[in-house]
Structures are given as structure tokens and as C-alpha cells.
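The values are calculated or read from the model by the stated rules, or taken from the named source; none is laboratory data. Please read these numbers as outputs of a predicted model, since none were measured by experiment. As a convention, Cβ positions derive from the backbone with ideal geometry for all residues, glycine included, and neighbour counts pool all protein chains shown.
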Amino acid sequence: MQSRISEISSSLEKILLNHAGLTLPINRRSKEIRRLAEAVHAISDQYISAESSLQWQLFKKEELRRAYLLYYLPVNLVKLHPVLDELFSHPNIKCFEGTSVSILDLGCGPGTFLLGFLEYIAKNKAAVPPQIKNVELWGVDQVEENVSTAKKIIAEYISSGAFPAQTHGSLNLKSGSITSPRFPFPLLPKNKQFDFIIAGNVLAELDSETASLLAQVLEQLLAPHGTLILIDPGTRKPSRNLIRFRDILIEQPSLRLYAPCLAQGQCPAFYNLKDWCHQKLTWNPPHIVTVIDQSTGFTKGKGIQYSYFTFRKDGKSICDLYRDLPQEKIWRVVSYPIRNRGEERLFVCNGRERILLRRLNKNIYEQNEDFSLAQRGDIVLVDDSVKRKDFLDITKDSIFKIITKNNETYY
């Protein structure tokens, strides 16, 4: 399995372009591209400034759905791949079990994360055992036009040959609200449980009462060996709201937080209004995203920020990978390197506290040289640091070692 999948396939790119009435090569100075860029800008502006309860209505407009398909669908889709890589890096979690796998996308839009899962399968065909005969694709979205679009695009993708030949994909997409008091019925069958539940860009604005009720529903819908994946934009407000939902989910009796946190308690980032938790994914964007970036001044091609949490029902956690190491010395890097004159700094978090590390350039030694190489998301071992008033000092006698990078373990 690849450690990261950082691009969409040429098959999917072609399907999206065809659906929008475009073909390669693309004339970035054309009126068509200008209209697309304006629509992408409009979506961005609405999500920044509009009332959140009305944002879903944007995609009842064809020109905005079209812009989302070509720009935001690829941008959002690839966020799922490193999350799945991290999940399947666990030695006791298989990509698929049994003869069938079921995936539920809540707020599925035009099929964004369902397509993301199919793309992951297509790129990792060796990880799909031959006994897997059926992939059940379930989705719920408030906008009927989104559901109709998702059905067309996913069906075309499955028939394009990108999907494993021995595996059949079945589509079960419905229009409705996941925040309805009656959810999940009648949108989903009674007693149905899912191997994977994905909720992307739909949870950040829930009020406390709705969030608590939905958390209970998600626990019931998840299969005993299942995984719940939450993904949202990596900006401060959505990320902090997602943390609030995370803290509700950890109170559910049968759910255990798998990643990215290294502990199960309340998130330490939530207590400081300036803090939030996010990742950054480097990727190879499709040409249309690059062209729209050039027209809008956006920079999605340079990297994608996102926040995520994964939960399991079987008690497994990313922490299982580090049981042989002293837990109080294991941290996740949660910032970019901060380089000042004569020193470098990093924020790290162990799930219980979030702290700042500092290493003076004069204290660079072999046992801490990984400090300069550390990136957001790396798991590191820190030992013999010195407590200062506002940070921990990495001295010449300290150990700083990267033990997992890009979901590959080095220790």
C-alpha cells in the first residue's frame, strides 16, 4: 500500500471534466474558466460569511454544483487518503473483511468521499482481497440535485474500469437531513450497521443538542469492527467546532478515539481560543484546479489544510503502535517548524497537553537532529528535555527522534 495518495486518478479527472462539458487541454483565458472561477469564489465567500444553516442551499444552483465538482470535490476527496493510510497502518486492522463492505457518507454532496474511498480502492487493488464481492455505497444529502449528480458520476466511475474487476459496487443514495429528529429512518434500513461512516464538512456547525443526539445515532450505526471518520476544513472555527463534537463522541460507551490523538481525554487545544488542530496535505492537483487557482488567486495546489478524527468500536487505537515505548515520551507534532535566529521551535501534543519545544542551534547534536526534519503530523519521541517557564528546552543531552512519518514507522 502506498504511504500517501496525493492525486486523483486520470479516470476520475476525465469523468468530472466530461460532466462539466470540458476537455483537455483547457484554455485558462476562456470565458468558461472565468465563469468557473467566479463560481468557486462565490462558494468560498458564502462559506466564510454566510449563515451556516443556509450553506447547503448553494448547491441547488447548477453553476455552483459544477464549480464544486471541478474544484472542491478533488480538494476534499484527497483528504480521506492519508486518514485511511493511518488507519490501515495498524497491523491488526485490515482494509476489508468478509465478502462485502459498506460505506456510509453523511452529507455526501455529489459523492465526494464515496468517490474518495473508491479511488483509494482503485489505487490499492492489492489490498482488496479476492473474496470481496460487493462494496455497498450509501449516502445522504439534503440537496436532491447533489444526490442525482452523485449517482451519475459514481456509476460512471464504477463502469470506467478503475474499480477492481471482481468487485461489484452498489449505490444507495437518498435525499434528506442527518439533523432531522427522525434520522436515520426512513433514509437508512432499520438495524443496518456500516463498516465505514464518513462525515465530511457537515458537523462543524451543529448545536450541542443536535450533536449529542447525532453522536448516539452514529454509535448505533457503526458496525462492531467499524470506523467513523470525521473530516472538516482546517481553519480555526470549523476545527474548534469539530473538536467539540469529538469531545461528545468520546463519551459514547462503545467508541474509542483512534487518531490523531494519543490519549482519550478532552482535547487540550480547546482551552485556548487561539489553538486548533489541523493537518496539511501536499498533493498533485488536477490541471483544472491549477487553472482555477491561477484565475482566483487561491493556492489549493500548494497544499490542503484539513482537520479530522477517527473512531473505532473495537478498542483499537493508533497508540497501539507505540505500546513498547514510554507513553509519556510520545508526542505528535501539531505545528510547522518555527525558525527564529539561532533557534527552532515546534508545538507538540500528546492528547493530554499541548506544549512548545525549543532547540537552540548551538544544541544541535546527533540525538536531536530530527528536530529540523519534523513536520506536522509526525509522531516523535522526546526525552530528557528541560522544563522552562513557557516551553520545554531540547538541550545537547536531549533526545528528539521521529518514529512515524507519513504513516511509516522508523523505530
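Observations, loosely collected:
- Residue list for region 246-304, restricted to those being part of a helix (DSSP H, G or I), hydrophobic (A, V, I, L, M, F, W, C) and in contact with a strand residue (DSSP E or B) (Cβ under 9 Å, 6 or more places away or on another chain): L249, A269
- Scanning region 206-215 for residues being part of a loop (DSSP other than H, G, I, E, B) and loosely packed, with under 15 Cβ neighbours inside 10 Å gives a total of 1.
- Breaking point among (1) crowded, with 22+ Cβ neighbours inside 10 Å; (2) within 17 Å of L77 (Cα to Cα), for L222: (2)
- For region 151-205, a residue qualifies if it is part of a strand (DSSP E or B) and farther than 30 Å from S307 by Cβ, and the qualifying residues are H168, S170.
- Count of region 4-34 residues which are exposed (fewer than 15 other Cβ atoms within 10 Å of the Cβ), touching a helix residue (DSSP H, G or I) at 6+ places or on another chain (Cβ under 9 Å) and assigned to a helix (DSSP H, G or I): 2
- Applying the set (1) under 21 Å from the mean Cα position of the chain (by Cα); (2) among the small types (G, A, S); (3) part of a loop (DSSP other than H, G, I, E, B) to G139 leaves exactly one unmet item: (3).
- Pairs meeting the criteria (first residue in region 70-88 and in contact (Cβ under 8 Å) with a residue 12 or more places away in the chain, second residue part of a helix (DSSP H, G or I) and of a type in the set (D, E), beta carbons under 9 Å, at least 6 apart or on different chains) are Y71/D293; P74/E13; L77/E119; V78/E119; L80/E119; H81/E119.
- Check on G315, under 30 Å from V202 (Cα atoms), assigned by TED's automatic domain parsing to the domain that holds L73, part of a loop (DSSP other than H, G, I, E, B) and small (G, A, S): yes
- Sole exception among (1) in contact with a His (Cβ under 7 Å, 6 or more places away or on another chain); (2) at pLDDT below 90; (3) of a type in the set (S, T, Y) for S100, by number: (1)
- Scanning region 342-369 for residues that are surrounded by 13 or more Cβ atoms within 10 Å (Cβ to Cβ) and small (G, A, S) turns up just one, G351.
- On inspection, R339 qualifies as in a strand (DSSP E or B) and surrounded by fewer than 14 Cβ atoms within 10 Å (Cβ to Cβ).
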